[in-house]
Amino acid sequence: MNIYCMDTSALVIIQRYYPKELFPDLWRNLELLFRDARIISHDFVYDEIVPKNGKKDEMANLVSKNKKYFKRITKRQAQLVPEIIGLFPNLIDPKSKKNEADPWLIGLVIEEMELKGIFGEESEFVIISTESKKNPNKIPAVCKHYKLRHMSLFEFFEDNGWRFVIEGKK
């Protein structure tokens with residue numbers, strides 16, 4: 001059973017293009033994956049989704065309810081992130097004033113795989129993002145380098161056997 005490590009981009013796309021009122025099954029399925037500890041992510045992703053103050057959208061509400069699945073920085077991740085950024089400096093925007101989640105997400109999955117001692121295609125951990133596999137500076141390229149599994153959002157849906165029908169208002 002795969003454990004999906006969600007990037008901000010995937011969660012934002014779900015919020016933007018698959019609203020809860022039109023795709024309630026998708027949102028129920030996400031809630032079930034969280035409940036079964038099959039979706040994890042990083043605190044930095046949490047911070048990018050959930051506003052510090054102000055109104056929360058549906059994704060922010062879902063993420064807030066599942067805060068325990070958003071992992072904190074560890075010493076091992078702090079060791080891995082400089083290496084990741086050294087190899088892929090354009091993974092982040094060096095001018096950004098806030099921490100960017102991508103290298104921490106990669107570090108989280110590497111750490112989890114090290115703890116389990118399972119790597120490559122044998123690993124149950126899969127990073128989900130909507131970033132282009134053609135761009136050498138995005139999550140899919142970093143995953144390829146570190147032999148981490150990556151799926152697009154549509155591959156994630158397919159991996160779970162999800163098919164959705166738009167529900168109109170009654």
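The values are calculated or read from the model by the stated rules, or taken from the named source; none is laboratory data. The shown structure was predicted, so the numbers you read here are calculated from the model rather than taken from an experiment. Note that each Cβ is placed from the backbone with ideal geometry, even for glycine, and that neighbours are counted across all protein chains shown.
Please work out if I118 is among the β-branched types (V, I, T), without any contact (Cβ under 8 Å) to a residue 40 or more places away in the chain and within 24 Å of E155 (Cα to Cα). Answer is yes for this residue. Here I73, I85, I106 are screened, and the one residue that is out of contact with any strand residue (DSSP E or B) (no Cβ under 7 Å at 6 or more places or on another chain) and closer than 14 Å to P136 by Cα is I85. Checking each residue in region 75-123 for being basic (K, R) and at pLDDT below 90 picks out K95, K97, K98, K116. Checking I84, I110, I106, I118 one by one, the residue that is part of a helix (DSSP H, G or I) and more than 15 Å from the chain's Cα centre (by Cα) is I84 and no other. One residue stands out among those in region 82-139 that are of a type in the set (G, A, S) and surrounded by 18 or more Cβ atoms within 10 Å (Cβ to Cβ): the one that is farthest from L11 (Cα to Cα), which is S123.
Return the residues of region 26-42 that are of a type in the set (A, V, I, L, M), touching a helix residue (DSSP H, G or I) at 6+ places or on another chain (Cβ under 9 Å), free of Cβ contacts under 8 Å to residues at least 40 places away in the same chain and more than 12 Å from C5 (Cα to Cα); say none if nothing qualifies.
Of all residues in region 26-42, those of a type in the set (A, V, I, L, M) come to 26, 30, 32-33, 37, 39-40.
From the residues that got through so far, the ones that are touching a helix residue (DSSP H, G or I) at 6+ places or on another chain (Cβ under 9 Å) too are 26, 30, 37, 39-40.
From the residues that got through so far, the ones that are free of Cβ contacts under 8 Å to residues at least 40 places away in the same chain too are 30, 37, 39.
Once the filter is applied, which keeps residues that are of a type in the set (A, V, I, L, M), touching a helix residue (DSSP H, G or I) at 6+ places or on another chain (Cβ under 9 Å), free of Cβ contacts under 8 Å to residues at least 40 places away in the same chain and more than 12 Å from C5 (Cα to Cα), region 26-42 yields only L30.
Pairs linking a residue in region 43-55 that is hydroxyl-bearing (S, T, Y) to a residue that is buried (at least 20 other Cβ atoms within 10 Å of the Cβ), with Cβ atoms under 8 Å and 6 or more positions apart or on different chains, are Y46/V63; Y46/F70.
From the list F156, F164, the one residue that fits, being surrounded by 14 or more Cβ atoms within 10 Å (Cβ to Cβ) and aromatic (F, W, Y), is F156. Looking at the structure I just gave you, is R76 surrounded by fewer than 12 Cβ atoms within 10 Å (Cβ to Cβ), of a type outside the set (G, A, S), part of a helix (DSSP H, G or I) and over 13 Å from the mean Cα position of the chain (by Cα)? Taking the combined requirement at face value, the residue does not satisfy it. Scanning region 1-25 for residues that are more than 16 Å from the chain's Cα centre (by Cα) and either in a helix (DSSP H, G or I) or free of Cβ contacts under 8 Å to residues at least 12 places away in the same chain (or both) gives Y17, P24, D25.
Before we move on, is V63 crowded, with 16+ Cβ neighbours inside 10 Å, farther than 22 Å from F125 by Cα and among the β-branched types (V, I, T)?
On the way: crowded, with 16+ Cβ neighbours inside 10 Å: yes; farther than 22 Å from F125 by Cα: no; among the β-branched types (V, I, T): yes.
Spelling it out, it is not the case that V63 is crowded, with 16+ Cβ neighbours inside 10 Å, farther than 22 Å from F125 by Cα and among the β-branched types (V, I, T).
Considering region 141-163, the residues that are without any contact (Cβ under 8 Å) to a residue 40 or more places away in the chain and touching a helix residue (DSSP H, G or I) at 6+ places or on another chain (Cβ under 6 Å) include one that is farthest from E121 (Cα to Cα), namely H150.
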